[in-house]
1. Which is modelled with pLDDT under 95 and small (Gly, Ala, Ser), of Ser100, Ser113?
2. Are any residues in the stretch 66-82 of a type outside the set (Phe, Trp, Tyr) and either in a strand (DSSP E or B) or farther than 18 Å from Gln106 by Cβ (or both), and if so, which ones?
3. Condition (residue is at pLDDT below 95, within 25 Å of Asp72 (Cβ to Cβ), in the same structural domain as Phe258 (by the TED database) and under 22 Å from the mean Cα position of the chain (by Cα)) applied to the stretch 208-227: is it met by at least one residue?
4. Of the residues Leu62, Leu7, which single one is among the aliphatic types (A, V, I, L, M), crowded, with 20+ Cβ neighbours inside 10 Å and modelled with pLDDT of 95 or more?
5. Which of the strands (runs of 3 or more DSSP E) found entirely inside the stretch 140-235 contain at least 2 residues meeting this: touching a strand residue (DSSP E or B) at 6+ places or on another chain (Cβ under 6 Å) and more than 30 Å from Val284 (Cβ to Cβ)?
6. Checking Ser248 against (1) in the same structural domain as His211 (by the TED database); (2) in contact (Cβ under 8 Å) with a residue 24 or more places away in the chain: exactly one of these is not met. Which one?
7. Residue under question is Gln63, and the condition is that it be assigned to a strand (DSSP E or B) and in contact with a Cys (Cβ under 6 Å, 6 or more places away or on another chain); does it hold?
8. Quickly run through the stretch 123-138 and pick out the residues that are surrounded by fewer than 19 Cβ atoms within 10 Å (Cβ to Cβ), outside any strand (DSSP E or B) and in contact with a strand residue (DSSP E or B) (Cβ under 9 Å, 6 or more places away or on another chain).
Amino acid sequence: MKSESFLADALLCKPFYMRFLWLIFGMTGEKTGKNSGFVKKIASFELGFISKELNSLLGAKLQRVYQLSERDFLFDFHIPGKGRRYLRAHLPSLLFLSESKPPVIQNPPRMCSLLRKYLEGAMLKSISQQGFERIMRLDFASKSEGFALFFELFSRGNLILCSNELKIIGLVESQSWKDRQLTQGLVYSPPPPSRNPAAVSREEFLLLASHSEKELAAFLATELSLGGLYAEEACLRAGVDKSKKAGSLSAEEASIVFDSMHALFSEEPSASVVYDSGNAIDAVPIKLKSYSSLEQRQLPSFSSALDELFASGINSAGRANPEKERILRLISEQEASMDELLKKAELSEKKAGAIYQHYGKVREALDFLTAEISHFSVSEAFDKLKKFKSVKSFDKKERKITFHFE
């Protein structure tokens, strides 16, 4: 069922059903017993490690920009006294230093040509993760002017080239949300900031936890933006049941979880690729208890681990997977359609109310599913949706969830 259909149901009647086609496989590293060419989605926590590794490029000259596919870019840097380094951006999910140069598109598309025009020969002056967002900013200086390049590694992903005043010169694609627009000629505006778990005080954490009705892991993953894997790791290290309601924690338990969460940010880097039955399933920047029972291959940097994981995914796939590409296109179409319908809904108070009244519950369930699927099979993750009262039914085969609201 397409986005128009389930949103139309939501808008025209009460009670109503909201139907979402939740197509996930091939996107989050689901453990299927074999590597089917999935692409890992980098977490905000992990992007902080990449940001530090990219500091090795400071002062480097950007020699060439290549485009490997529609949403895959390679930046060829020359570091004085050290030689060549590659930065790879695979939208919408990954950014890492790479050791190799894969085959490139011979006739570069418009965005690649634009990047070459403005950035080739420029020096990389600064690198920064934007808050606790999955956004990396690179600032360049040419002989006469400066430029900012934003890598957005969420939703559909984007690569946005801006002037020194942050006016958008070019981008992979124009995008629009109810609270921001990205299109050529506008000034770049970031998304509303997420809460940074590293900056949350103990008092604030205890207060937030006491008012949350979510399970502990879901609370950490969504309300504190920690992501599913690292939320569960914090629970595991704290020795507190991840399924326990955050609001039911004692002050002592909450304080232990807080310390466990904060300890993640001071952990020494220890990157590795994780294997299950001989197949690479994940790459992580630190040692995790969550993966203690699985085989791990230590690597010198998180970028190296991501590079190996990504290469293993491509190699195991052998060639492009038409079915997977079709599903990815369908996801993108549904996201774009939903964004468009939300914009139209703002013209009608009744319609807007119907969407926004229940959007939080739907988002919570989908965020929970995304977090769970990182560690369980699709079937197991879907079974866990039974905890949400608003979930009327789900079709594991079709990846379809039906929500029911009175």
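The values are calculated or read from the model by the stated rules, or taken from the named source; none is laboratory data. Here the structure is a predicted model, which means the values were calculated and not measured. Backbone-built Cβ (ideal geometry, glycine too); neighbour counts: all protein chains shown.
1. Only one candidate qualifies: Ser100.
2. Correct list: Gln67, Leu68, Ser69, Asp72, Leu74, Asp76, His78, Ile79, Pro80, Gly81, Lys82.
3. Within the stretch 208-227, one or more residues are at pLDDT below 95, within 25 Å of Asp72 (Cβ to Cβ), in the same structural domain as Phe258 (by the TED database) and under 22 Å from the mean Cα position of the chain (by Cα).
4. Being among the aliphatic types (A, V, I, L, M), crowded, with 20+ Cβ neighbours inside 10 Å and modelled with pLDDT of 95 or more holds for just one of Leu62, Leu7, which is Leu62.
5. Output list reads 158-163, 168-171.
6. With respect to (1) in the same structural domain as His211 (by the TED database); (2) in contact (Cβ under 8 Å) with a residue 24 or more places away in the chain, Ser248 is out only on (2).
7. No.
8. Gln130
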